[in-house]
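The values are calculated or read from the model by the stated rules, or taken from the named source; none is laboratory data. No experiment lies behind these values; they were computed from the predicted model shown. Please note: Cβ atoms are built from the backbone with ideal geometry, for glycine as well, and neighbour counts cover all protein chains shown. Side chains included, ligands, DNA and RNA excluded: accessible areas come from the protein's heavy atoms. Shrake-Rupley method; radii C 1.70, N 1.55, O 1.52, S 1.80 Å.
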Amino acid sequence: MFDKSTWIRLPRNVVVGHGVLDQTLDAVDELHLAGRPLVVSSPTPHAVAGERVVDQFEDAGYDPAEVVIDEASFDAVQQVIAHAEDVDAGFMLGVGGGKAIDITKMAADDLGLGFVSVPTAASHDGIVSGRGSVPEGDTRHSVAAEPPLAVVADTEVLAEAPWRLTTAGCADIISNYTAVRDWELAHRLKNVPYSEYAGALSQMTAEMLVDSASSIKKGLEESSWIVVKALVSSGVAMSIADSSRPASGAEHLFSHQLDRIAPDPALHGHQVGVGAIMTEYLHSGPKGRWRDVRDALAAIGAPTTADELGIDDETIVEALTTAHEIRDRYTVLGDGMSEEAAIEAATVTGVV
Ligand SMILES: [Zn+2]
């Protein structure tokens, strides 16, 4: 008997380009949402974009509420939920880098409200996906929620963000290579469901970004265009798979572990990029394609070593040996690497 079924949730409106922040109201009007909008942002994004969004809704006769959060924390999520209840919000807009958007999607998920993503930095694929996480004690609180109903990514705004945020977004995309390899491996060894379509889309997204590396340069608005389009397509791959698998493998476990144990973790994208160099080595050996991953990262100016991440060698090795404990996700790390093997992988690839 045929009993397969699938459910693909995608954003309805994805608006990308120069000056599109001023079309936020149009993008939202088409969604037929009801009630009061609540605009969630953190201080800098609020000044750069949040106020302009609030003004649009005010001018159109909505009665927008706003809340500015200071940090990415579980408390901040609770604070936004309480605020949304106070003002009787009908839907939410997250305006910011990863932080405000993650918090908005988690609060929206909790309240059962629709949310719209307005990224002010192209720093990771969470700006398009439904997945989000914030630190809670020494662990992370994560949700696998619905993706945003709409994404409004203004390249003029994104180009103003600190350059390292853009290179972090690029590195997050480049890590799709190893994420898909881990996914295929888990399919072969553990019968984890695999989507050819989502896998191919995720890989193609990474290839297109690497092919455009020469156009990804500080000060070029086109860079933001290339990166944010790649982040959107990566998010679509996750929506099709109904899993973060197309864009998150062992390199992401490694990064999550660094977030827990490093005294001063680096940006998410930068950590997964360095992780991908080492996990590609684990997949394909010393003569494998880890050099291609490293060279692609270097070409866009993302870190390729522990030093460049600002994390000491011992912490890198510890994260490699313990990353498999983070969550029940089968990857090339299997049931864990020995310390000797981790040192070998990090040394051969020049990470330490
Ligand atoms: Zn990522």
Some residue of the stretch 91-101 being open to solvent by 10 Å² or more (accessible area, probe 1.4 Å) and either more than 16 Å from the ligand (Cβ to nearest atom) or among the aliphatic types (A, V, I, L, M) (or both): no
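Return the residues of the stretch 200-229 that are of a type in the set (Gly, Ala, Ser) and either outside any helix (DSSP H, G or I) or surrounded by 21 or more Cβ atoms within 10 Å (Cβ to Cβ) (or both); say none if nothing qualifies.
202, 206, 212, 219, 223, 224
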Conditions (1) within 28 Å of residue 26 (Cβ to Cβ); (2) within 16 Å of the ligand (Cβ to nearest atom); (3) open to solvent by less than 10 Å² (accessible area, probe 1.4 Å); (4) outside any loop (DSSP other than H, G, I, E, B); number of the one not met by residue 108: (2)
Leading residue by the ranking (nearest to the chain's Cα centre (by Cα)) among those in the stretch 1-57 that are more than 22 Å from residue 72 (Cα to Cα) and among the hydroxyl-bearing types (Ser, Thr, Tyr): 24
Hits in the stretch 259-285 (condition: farther than 19 Å from residue 331 by Cα and away from the ligand (no atom under 12 Å from the Cβ)): 260, 261, 262, 263, 264, 265, 266
Per-region count, the stretch 217-257, residues among the β-branched types (Val, Ile, Thr), away from the ligand (no atom under 16 Å from the Cβ) and at pLDDT 95 or above: 1
Positions within the stretch 47-90 being open to solvent by less than 60 Å² (accessible area, probe 1.4 Å) and of a type in the set (Asp, Glu), in sequence order: none
The stretch 161-175 residues that are closer than 11 Å to residue 205 by Cα, paired with ones that are more than 9 Å from the ligand (Cβ to nearest atom) and open to solvent by 20 Å² or more (accessible area, probe 1.4 Å) (beta carbon under 8 Å, 6 or more apart): 174/210
Qualifying residue in the stretch 167-179 (condition: in a loop (DSSP other than H, G, I, E, B) and either among the hydroxyl-bearing types (Ser, Thr, Tyr) or more than 20 Å from the chain's Cα centre (by Cα) (or both)): yes
Yes/no for residue 351 being under 24 Å from the mean Cα position of the chain (by Cα) and closer than 28 Å to residue 191 by Cα: no
Pairs, first assigned to a helix (DSSP H, G or I) in the stretch 85-100, second among the β-branched types (Val, Ile, Thr), C-beta under 8 Å, six or more apart: 98/127; 99/69; 100/40; 100/69
Filter pass, residue 126 being at pLDDT below 90, assigned to a helix (DSSP H, G or I) and within 16 Å of the ligand (Cβ to nearest atom): yes
